[in-house]
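Heads up, the thing below is written out as structure tokens.
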Amino acid sequence: MNDIKASSILEKPENNKFQEMDDPKTNSYVFEGFESRLSQNSSEPKEAPVAEKSLGIRKAELIISQLDGYWHKGLYFFFIFIGMYITTVDNYTINIFIGYATNSYKQHSLMATIGTIGAVASAASMPFFARAADVFGRLELFVVAMICKVMGIIIQSQALDVQRYAAGAVFYAFVSSGTVIVWQLCVSDASTLKWRLMALAPMCMPVIINTWSVGDITDQLLKRHGWEFGITLWAFTTPLVCLPYMLTHLHLMWKARKTSTWTQIANEKRQKFLDDSPTAKRYHDNMLASTTWLEKFVARLKFISIHVAKKLVVILWEMDFIGFLLLAVILGLLLVPLTLAGGDHSKWQQASTIVPLVMGFVTIPIFVLWESKLTKKPMLPFAVMKDRGVWAALCVGLFSTLITFMPGSFAYPVLLVGMNASVKIATRTAGLNQFTEGITVPVLGLILTKVKRAKVFIILGNFIMFIAMGLFVHFRGSNDGIRDKYYRDGVAIAMCISGVALATFYRLTSYMAPVTSIFATSYTIGIAFAKSISGAIWTQEMLGEITTRMINLNVDPSLAMIAYGSPYDFIVEYQWGSPERIAVSTAYAAIQRKLSIVGLCLCVPILVFILLLRNHKLVDSQNMDDEKQKLQNADYEKNAAEREKSQIIFKDDEDPILNFLRRPLGSLNLGK
């Protein structure tokens, strides 16, 4: 789970949120609400974007500051841990049941399509939920997301066809990200950069337990109840287990409301609303001047209606809802058709495939125009996006999940159908990468508290990923349909190694939230690309590969369609070692070899982006701006909730690795 920090909403430069003034008397660069004195030897950039903190962020900082003492903070993190545990269990089991649901609809190949749609919805929702958490509050958003998540689970469990199931899956994926985002925001708010990776342990460590328990849970649910009840179960289990976290956060809010700072922020918020809306101010004055209860009621009703309308405007403009919607439309139109164009009949020349792809490409310039010229609050302003540390980190996030999920998207059916694993073993093996990732994150977190530099570990992780992908090419791509345990053990080892590599890709961003909220999107977009590409290769090649293998083994090729459409039913009738099963297993291996080779090749471009990452020191402050305030300002101890400005970009990192590479590449401009 990548690190996300609460999102400060950035204005574009023309809206005067990034204001730079040269002060000749002090030889300093003064930003709106922030002064940065630059010495001649300082490497700090002369253009450092500064964002105005929203009132929602200041409230969130005030709430989290009510965690007094290590025991209180430890209890808070523990409740996040158990909430994350049940969330990962329901996510994992529901993802497993996608295969059984599509199998029951006789459309198993659409598993990748549903996964891609869900990943697209999740990717588009992450920055939206990050901003919504700042505007409406952490707990408020969490409760709304949990209610909507339950609705998505119910829709999936009661779906009678694949279309309704996909609708429920999209709804579930969209809001499921919201619950996790809130926890990530709270963990980031309550930790310093030095301890950030260690603080993420409650978000990662549940998989250490889940890897071994989820297999038994899935196996028993399928044997005793079926996939429908297996999905319905989480509609009431997950909210119940998350209740301690909600009550604890509610207690923190209650404590914060008793402070003078909360009153100050609330008054600022009310006054800002009245200043921005003369109509609301008039209704507010009428409410105060009313002498009868009926007049007060009418005035209050009008005031509330204006307030609700203002919230809708906030969602539309300040949270850039249209931008997120356009992003989801682009990803959906470009990626989903790739998973649908194959199968028993090629659909590449049909309008149902061509039209969405064309519309997807046409929507891209519309999205760029909207983000650059029309919206008031773009997802990521160009002033921030052009920094090397930002775009390189986004590319690393995208490629890391793209590499991991490329061979991993079909891990469960490959193990169950192609390697003769039981339901329990297939579930456990497919999750071993998360198991080792959950172990590696806290260990690496402790190491980083001493080393305080993360880039060298990310480079090491990429070389480890090289090894894992090479093992996948051999063990997943050379299955002979007979030595099942040999290949299962090899896949298990490769899964463990890839989990260690993935843990090193966690980006402990030193930037403020406008950037870090987009980092989460880059990770999820990588998942969407991986599911789409693997799904495209699977649907384009699998049926023909199975048919060819069956013909070569003198097996009736008419069975290929059954093995392709309902593989879980096929393996019940045709046991391991039979010619029919060998044909399917070797066909699976041939496709998996292609997917693994793609993942192996992608380890090269990600190395370039890793080398371009910034190498900031992980300081003992919540973010780099707090550390700078501590070093430069006399009033650095001022409560973070009272500070109205935050610097976004920092270019004063020390990077001996990139400096070494600049020597032979001196003629190339690698950026500062």
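Residue count for the range 163-174 satisfying the condition of being more than 16 Å from Asn95 (Cβ to Cβ) and buried (at least 23 other Cβ atoms within 10 Å of the Cβ): 0. Helices (runs of 4 or more DSSP H) fully within the range 50-162 that include at least 1 residues being in contact with a Leu (Cβ under 6 Å, 6 or more places away or on another chain) and surrounded by fewer than 22 Cβ atoms within 10 Å (Cβ to Cβ): 70-104. The residues on offer are Ile458, Ile403, Ile366, and the sole one that is in a helix (DSSP H, G or I), surrounded by fewer than 19 Cβ atoms within 10 Å (Cβ to Cβ) and at pLDDT 80 or above is Ile366. Among the residues of the range 369-400, write down those that are part of a helix (DSSP H, G or I) and of a type in the set (Lys, Arg). Passing the criteria: Lys373, Arg388.
For the range 358-367: of the residues being over 12 Å from Ile322 (Cα atoms) and hydrophobic (A, V, I, L, M, F, W, C), which is nearest to the chain's Cα centre (by Cα)? This residue is Ile364.
Can you tell me which residues in the range 348-363 are at pLDDT 80 or above and of a type in the set (A, V, I, L, M)? Answer for the range 348-363, where residues must be at pLDDT 80 or above and of a type in the set (A, V, I, L, M): Val355, Leu357, Val358, Met359, Val362.
Taken across the range 262-276, residues that are among the basic types (Lys, Arg), loosely packed, with under 12 Cβ neighbours inside 10 Å, out of contact with any Leu (no Cβ under 6 Å at 6 or more places or on another chain) and touching a residue at least 24 places away in the same chain (Cβ under 8 Å) do occur, with at least one present.
The values are calculated or read from the model by the stated rules, or taken from the named source; none is laboratory data. Not measured: the values here are computed from a predicted model. With ideal geometry, Cβ positions are generated from the backbone for all residues, glycine too; neighbour counts draw on all protein chains shown.
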